[in-house]
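Worksheet: the structure to be examined is printed underneath.
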Amino acid sequence: MTGYMSEIRTRFAPSPTGNLHVGGAHTALFAWLFARHEGGKFILRIEDTDEVRSTEQSLAAIYDGLRWLEIDWDEGPDISGPFGPYVQSERLNIYAQYINQLIESGRAYRCFCTPEELEERREIMRARGIPPVYDRTCANLSEEQIELLLAEGKPYCVRFRMLETGTTVVNDLIRGDVSFDNSLLGDFVIRKTSGYPTYHMAVVVDDCLMKISHVIRAEEHLANTPSHVQLMDALGFERPKFAHLPLILGTDKTKLSKRHGAVNLMDYKEQGFLPEAMRNFLAIIGWSPGADEEILDHDQLIARFTLEGVSKSPGVFDLEKATWLNGEYLKRADAEKLTDTLLPLLQKEGLIEAHPSPERREWLVAVVDLMKERTRLLTDFVTWGRYYFTEDYPYDNEARKKWLSKEDTPERLDMLADRMKELETWDVEAIEAGIRGLAEELEIGAGKVIHPCRSAVTGQTIGPSLFHLLELLPRETVVARLRRAAELGRRGELAPV
RNA sequence: GGCCCCAUGGUCUAGUGGUUAGGACUCCGCUCUUUCAAGGCGGCGGCACGGGUUCGAUUCCCGUUGGGGCUACCA
């Protein structure tokens, strides 16, 4: 057992300003996997220091997304814990205390520059090629000057006084030592004019107060880390360990964002992804177990995950591969369980009643079992499996072209309908025997009966084993469909479109 | 522009101072079957470039190039 002080604690600290982004889910997953692998704690903390953009709705969306992926947390806004509250807007007095402490010790100072002035000066610095950091205009205001400005009621923010010389070295578990030249780092704002702390202030105070042992976050924060580290040092906090994860990129290799299509994690649920597949997929972007394996379930991911396996370079979100992986999960899925997740979708499409009877459900499980071999997304069941549920299914162009519009098809379909009617029993063996028997009598290949039949009954040229598929449909339905296609064919209504 | 990070096929990646550089997705063939968007088999395709170090570099160092991130009173 490790002692309390050396307990592994990681956190995911999203800001509730939108849905749970795929990138955020990736970060959360890695931090969670690390904690779980190490037998530590995973904390959820809400960083709502952006008073303007934070919403209650986003918070709910974050919960939904994490729960969907089965990422659970040990401490958080909804379950409390020894270091709460876990919502930053409820910790304002804590930050205020540290900010005041910093002002008193001289490591922070009031800045009366207006945003407009700052912007103007930044432009000039940029134009001259000088690092556009705060020029410290207010860094050395005298007590009198400050009193005066305060008396005037001039609005101000508070800035942290960074070290002016030397280097700040960030030891990153993934990238090694990264050094930054202090002279290039500016005094950043720790308290906004509104009185709210900035992210930089809150994140430092909370990570330290909440005893986060490993700050695992996306690489976009690496450049901010020297500032955080100096703040921690000034506050007398012990530095946590850092691990900056590679970013997820879009196919154009830039940071994944809205213009790359779906970036909201839950959009993938809508698209028909299974949470375990998405979790697996996210895990293997920027991480590898080292061996030639990539299909890993919940427990395997936890067992294999290490920071050493995390790569330094960013990875592209390849929807093609995600879809393939989802298909693998579908194949391996338990038909009963899969039926449960599919039911709402089928009901939404109006393909099945709200409360199927036990028999009906049993039938559905058989359909799902037959279909899951060749599906890649949950939505495939709806688009490719329509014919199991309704007579209102389309005849696709391949089926029309190759079989349904052929001259001898109607007659064969009618003969097959007769044959099907006469079968003693309605099961796979009888159906197969009936179909093959007809082909033999007609002295044609079995395919010449099978394909038209599939085309007529499913409207498609592809699908599961025909005999098994027919067995799952009522005999009358099959006969009716054969006759209907024969009739439509004769009337020339099944020509390719 | 400045600072920081990164660099193995189109994509995700394994890997080593000496390997036929391995796997997966995609793509393309072939094959099985009643079909393929299923299965099986096979194939195309890669160490960014230039210098070093070394008997030998994909691997170590430097540079270049390329890509990305940060440069907010957003997080």
Would you mind giving the average projected area, over all directions, of the Cα convex hull of chain A in nm² with one decimal? 32.0 nm²
Can you put A:Val497, A:Val367 in order, fewest other beta carbons within 10 Å first? A:Val497, A:Val367
Site A:Glu429, offset 7 angstrom along Cα→Cβ, radius 20 Å on amide nitrogen, limited to the range A:451-494, gives A:465-473, A:475
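Multiply the residue gap between A:Glu104 and A:Lys154 by 0.36 nm, knock off their C-alpha separation, and tell me the result in nm, one decimal place.
Numbers: separation 50, 0.36 × 50 = 18.00 nm, distance 1.98 nm.
Length gained, A:Glu104 through A:Lys154: 16.0 nm.
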Calculate, for A:Ala127 and A:Glu294, the FRET efficiency according to 1/(1 + (r/R0)^6) with r their C-beta to C-beta distance and R0 45 Å; round to the nearest 0.05. 0.35
What's the local net charge at A:Ala335, with K and R +1, D and E -1, over the other residues with C-beta under 12 Å away? -1
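Gain in length, A:Trp363 to A:Asp177, computed as 0.36 nm per residue apart minus the alpha-carbon separation, to one decimal in nm?
Working: separation 186, 0.36 × 186 = 66.96 nm, distance 6.04 nm.
Result: 60.9 nm gained on full extension.
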Loop only per DSSP, at most 12 neighbouring Cβ atoms within 10 Å: give me the GluC sites (Glu not before Pro) in the range A:318-411, ordered by residue number. A:Glu353, A:Glu391, A:Glu407
The answer for the net charge of residues other than A:Asp408 whose Cβ lies under 12 angstrom from its Cβ, with Lys and Arg +1 and Asp and Glu -1, is +1
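Once you've got the Cα coordinates, tell me which of A:Lys41/A:Lys337; A:Lys269/A:Lys337; A:Lys241/A:Lys312; A:Lys258/A:Lys331 are over 26 Å apart.
Numbers: A:Lys41/A:Lys337 30 Å; A:Lys269/A:Lys337 16 Å; A:Lys241/A:Lys312 17 Å; A:Lys258/A:Lys331 31 Å.
From the list (A:Lys41/A:Lys337; A:Lys269/A:Lys337; A:Lys241/A:Lys312; A:Lys258/A:Lys331), the Cα-Cα distance tops 26 Å for A:Lys41/A:Lys337; A:Lys258/A:Lys331.
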Separation in nanometres of the label points that stand 7 Å from Cα toward Cβ, at A:Ala480 and A:Glu56: 5.0 nm
Counting only DSSP beta bridges with both residues in chain A, what percent are antiparallel, rounded to the nearest 5? 55 percent
Peptides ranked, highest mean first, by Cβ atoms within 10 Å: ranges A:114-125, A:82-93: A:82-93, A:114-125
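What does the net charge come to around A:Arg361 if you take all other residues with beta carbon closer than 12 Å to its beta carbon, with K and R at +1 and D and E at -1?
On the way: positive: A:Arg360; negative: A:Glu336, A:Asp340, A:Glu353, A:Glu359, A:Glu362.
Neighbourhood net charge equals -4.
Read the figures in this text as sums done on the coordinates, not as results from a lab. What you see is a predicted model, and the numbers here were worked out from it, not measured in a lab. Counting neighbours? That spans all protein chains shown, and the Cβs are built from the backbone with ideal geometry, glycine included.
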